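Below is one structure, written out as structure tokens; the observations come after it.
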Amino acid sequence: MSGDLLRIENVGIAFGGLKVLTDVNLTVKQGETMGLIGPNGAGKTTLFNIVTGFLSPSHGEVVFEGNRITQTRTAQRVRMGIVRTFQKSMVFPDLSVMENLALALRARTHGYAWWRSGAALAAADAKALEILRKAGMADRAGRVVSSMSYGDQRIVDVLISLAMEPKLLLLDEPTAGLSKAEGEHLIEVIRTLCGNTSLVLVAHDLDIVFAVCDRVAVLDLGRMIACDTPDGIRAHEGAQAAYLGKGKEAVQ
Ligand SMILES: Nc1ncnc2c1ncn2[C@@H]1O[C@H](COP(=O)(O)OP(=O)(O)OP(=O)(O)O)[C@@H](O)[C@H]1O
Ligand SMILES: [Mg+2]
């Protein structure tokens with residue numbers, strides 16, 4: 001398998017007459033942190049929707065751990081280890097942090113039958129607490145999510161995804177709406193907890209992307225115009241032009 005966890009092969013999709021992705025190729029290696037950047041409407045979320053099975057491509061294949069999963073249902077992909085976060089928070093706002101995490105863990109291990117086993121419930125709770133400790137949030141375990149700061153809510157979002165123990169975690173603008181410090185803290189939490197999970201990070205804050213990603217892929221108008229190390233992308237004229245929408249200013 002040559003260390004490739006995910007391969008996106010010649011993927012294209014159109015909505016009506018509008019081509020949103022054209023012949024997109026991308027490989028994510030085991031344990032790699034891949035940045036995915038591009039202007040608004042470039043197709044980043046659409047690509048996540050294709051990798052997770054929310055959308056079927058018009059052509060092309062998605063290959064995970066060497067297996068074609070292009071037609072595999074989303075729930076099955078989650079079981080295989082492909083998990084995503086959304087641009088908007090998906091937590092239960094009226095439940096506590098601990099309850100949100102424990103629910104995710106119970107559902108992961110026992111599906112809809114989680115309430116049948118007391119031992120399973122206790123194990124899920126213990127695991128939830130361990131995750132909160134690692135994230136430095138054990139003191140807020142009992143807090144109702146809606147009463148927390150927006151930054152902490154975004155952390156809870158990500159913790160729920162990490163609790164699924166994904167092999168591949170797709171993060172769609174996890175730092176959107178956060179201050180620089182909050183964004184950096186969130187990324188630090190992700191890196192502390194992600195272990196050998198491969199990450200694909202969509203973010204508009206290029207400082208963060210370039211600081212934490214092994215490689216960065218650039219989508220522009222549905223085409224993958226570059227995929228390289230952060231230094232390579234900084235020096236890539238096409239990437240600069242696409243991202244900034246103008247001539248030769250450096251990507252900041
Ligand atoms: N279900 C859909 N039907 C029609 N058009 C869609 C659909 N989903 C996305 N699009 C269009 O596809 C294009 C790419 O959208 P997408 O959300 O993937 O961009 P993005 O790179 O994630 O942008 P942003 O940075 O703003 O989140 C946009 O022009 C969008 O309007
Ligand atoms: Mg998007």
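General remarks:
- A Cβ-based charge dipole, computed about the Cα centre of segment 4-78 with Lys and Arg at +1 and Asp and Glu at -1, lands at about 200 debye.
- When Rg and the Kirkwood radius Rh are both evaluated on Cα atoms of segment 1-81, their ratio Rg/Rh stands at 0.95.
- Residue order, fewest to most beta carbons within 10 Å, for 74, 22: 74, 22
- Here segment 162-252 is assigned +1 on the Cβ of each Lys and Arg and -1 on the Cβ of each Asp and Glu. Its dipole about the Cα centre then comes out at about 200 debye.
- A crude spin-label estimate for the pair residue 207 and residue 144, with each label 7 Å from Cα along the Cβ direction, gives 3.6 nm.
- Label-point separation, residue 196 to residue 75 (7 Å along Cα→Cβ), nm: 2.9
- Cα-derived Rg over Rh, computed across the chain with Rh taken as Kirkwood radius: 0.98
- Estimated FRET transfer efficiency when R0 is 51 angstrom, pair residue 4-residue 130 (beta carbons, to 0.05): 0.95
- Length released on extending from residue 89 to residue 221, taking residue separation times 0.36 nm less the Cα-Cα span: 44.9 nm
- Dimensions of segment 92-200 along the principal axes, based on C-alpha atoms and rounded to the nearest Å, stand at 43, 31, 21, largest first.
- Here's how it looks for residue 14: its modeled amide H is under 5 Å from those of 20, 58, which are all 5 or more places away or on a different chain.
- FRET efficiency estimate (nearest 0.05) - Cβ-Cβ, residue 68 to residue 165, R0 25 angstrom: 0.60
- Alpha-carbon Rg/Rh ratio, for segment 1-150, with Rh computed the Kirkwood way: 1.04
- Charge tally around residue 128: other residues with Cβ under 12 Å, Lys/Arg +1 each, Asp/Glu -1 each, net +2.
- Exposed trypsin sites (Lys or Arg not before Pro) absent - longest run of the chain, DSSP non-H/G/I/E/B, at most 14 other C-beta within 10 Å: 89-245
Quick note: the coordinates plus some simple rules give every number you see, no bench work behind them. Source: prediction; values computed, not measured. All Cβ positions, even for glycine, are placed from backbone atoms using ideal geometry, and neighbour counts span all protein chains on display.
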